[in-house]
Amino acid sequence: GPAIPVGVDVQVESLDSISEVDMDFTMTLYLRHYWKDERLSFHSTNNKSMTFDGRLVKKIWVPDVFFVHSKRSFIHDTTTDNIMLRVFPDGHVLYSMRVTVTAMCNMDFSRFPLDSQTCSLELESYAYTDEDLMLYWKNGNESLKTDEKISLSQFLIQKFHTTSRLAFYSSTGWYNRLYINFTLRRHIFFFLLQTYFPATLMVMLSWVSFWIDRRAVPARVSLGITTVLTMSTIITGVNASMPRVSYIKAVDIYLWVSFVFVFLSVLEYAAVNYLTTVQERKERKLRERFSCSCGIPHSKTMMLDGNYSESDANSLAGYSRNQMVPEEEKPEKVVVHLAMSNESNSSRKRGLKGHVGLRIIQNTHAIDKYSRLIFPGTYIVFNLIYWSVFS
């Protein structure tokens, strides 16, 4: 004869868990089937229907519906099997069971944790093709009911809806397949507190070194290493709870860019320290190279700072103008060491060496000064682009 129509409706009791690592979900639901079997009809003037437990199910024909792509499923059996069979006088049958099923859900984590996931639970007859059994939703979208108390810790349930289509198997033929589709949107607040906010604080903490004296090597190095290690811990913790996908996630972009900012702050101090060492070495060579002889009796050494005038320098050395010998009499010589301050280095070196040097090399404080503006400004621009693209 023709295909037996079997109507289906579902009431979702709970959506127990969503696992990103295993890419599956667990759902508990009431699955109900409706069909007509004239062999079970009976005449009665008192009973509108007769209700039986699971013992009768083994003695009559019932649809062999199974869950496609399910990993685990079971019918609850406390205190007895949660199965109900209700037969009406005209032969209509209601077959209901309480089932918990864990099924596969193909998730896309390219926008994680600012993502939305759509999962589906698929029902299909295992043995009977569409020529023998026709599965359909009994009342369309109204066939799917959900408990108002359903909630998830990490997701907001946006929508439940039903669809149906034919599935083809090359060996056995065409089958009716019913879909329970639901869309989930991830709560972002948890990841803001646990991932984004700590990562941002670590990047800002790395900028503190720009305000620390360049000679405080232990302070700046330890601060840089601490922030780098903390960022590595955050990245490892996030990836430990995620599947090992082969594409880049949104959270990876944010964390690795933050890691690069922290790493660059360490390299920035390495550049400052190196240029400072080079500058001090050059100044030491200049002091040794440009020692000069002046007409002052008694060979003595005088430290002459470039900020003092000639009379101040003579006074600092302990000599006045009256103690100076005439120009033509210079029997003895005194070595004058020129100690040039950072402010006068540029002009002195231009005069001594005859070329203009880079100020950023001569005064390494400029690197820290520029970094105080470039690093925060670049990071703010990155955040604006990131949140505008992924939110």
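Worth pointing out:
- Of the residues making up region 130-162, those that are assigned to a strand (DSSP E or B) and touching a residue at least 24 places away in the same chain (Cβ under 8 Å) number 15.
- Any hit, region 20-28, residues being more than 51 Å from the chain's Cα centre (by Cα) and either among the aliphatic types (A, V, I, L, M) or open to solvent by 20 Å² or more (accessible area, probe 1.4 Å) (or both): no
- Candidates are the residues of region 163-211 that are without any contact (Cβ under 8 Å) to a residue 24 or more places away in the chain and part of a loop (DSSP other than H, G, I, E, B); the one that is farthest from the chain's Cα centre (by Cα) is 171.
- Considering the conditions (1) open to solvent by 30 Å² or more (accessible area, probe 1.4 Å); (2) part of a helix (DSSP H, G or I); (3) of a type in the set (Phe, Trp, Tyr), residue 269 is excluded by exactly one of them, (1).
- Region 242-259, residues that are open to solvent by 30 Å² or more (accessible area, probe 1.4 Å) and of a type in the set (Gly, Ala, Ser): 246
- Strands (runs of 3 or more DSSP E) within region 1-79 that include 1 or more residues within 17 Å of residue 164 (Cβ to Cβ) and among the hydrophobic types (A, V, I, L, M, F, W, C): 4-19, 24-36, 65-68
- For region 151-162, filtering for residues that are under 20 Å from residue 19 (Cβ atoms) and within 27 Å of the chain's Cα centre (by Cα) leaves 8.
- Residue 72 being of a type in the set (Lys, Arg) and within 30 Å of the chain's Cα centre (by Cα): no
- Positions within region 142-157 being touching a Phe, Trp or Tyr at 6+ places or on another chain (Cβ under 9 Å), open to solvent by 80 Å² or more (accessible area, probe 1.4 Å) and under 18 Å from residue 10 (Cβ atoms), in sequence order: 145
- Test: residue in region 224-241 that is open to solvent by 30 Å² or more (accessible area, probe 1.4 Å) and in contact with a Ser or Thr (Cβ under 6 Å, 6 or more places away or on another chain): no
- If the condition is being hydroxyl-bearing (Ser, Thr, Tyr), surrounded by 15 or more Cβ atoms within 10 Å (Cβ to Cβ) and within 17 Å of residue 214 (Cα to Cα), then region 366-382 contributes only 371.
- Among the residues of this structure, residue 210 does not count as one that is modelled with pLDDT of 95 or more, open to solvent by less than 60 Å² (accessible area, probe 1.4 Å) and outside the structural domain of residue 124 (by the TED database).
- Residues that are without any contact (Cβ under 8 Å) to a residue 40 or more places away in the chain and either outside the structural domain of residue 13 (by the TED database) or open to solvent by 90 Å² or more (accessible area, probe 1.4 Å) (or both) within region 43-79 comprise 45, 46, 55, 58, 59, 72, 74, 77, 78, 79, listed in sequence order.
- Counting residues in region 287-294 that are at pLDDT below 50 and farther than 30 Å from residue 379 by Cα gives one or more.
- Criterion (modelled with pLDDT of 95 or more, open to solvent by less than 40 Å² (accessible area, probe 1.4 Å) and in the same structural domain as residue 236 (by the TED database)) met by exactly one of 179, 95, 196: 196
The values are calculated or read from the model by the stated rules, or taken from the named source; none is laboratory data. These numbers come from a predicted model, not from an experiment. Reconstructed Cβ throughout: ideal geometry from the backbone, glycine too, with neighbour counts over all protein chains shown. Accessible surface is based on the protein model in full, side chains and every heavy atom, while ligands, DNA and RNA are left aside. Shrake-Rupley method; radii C 1.70, N 1.55, O 1.52, S 1.80 Å.
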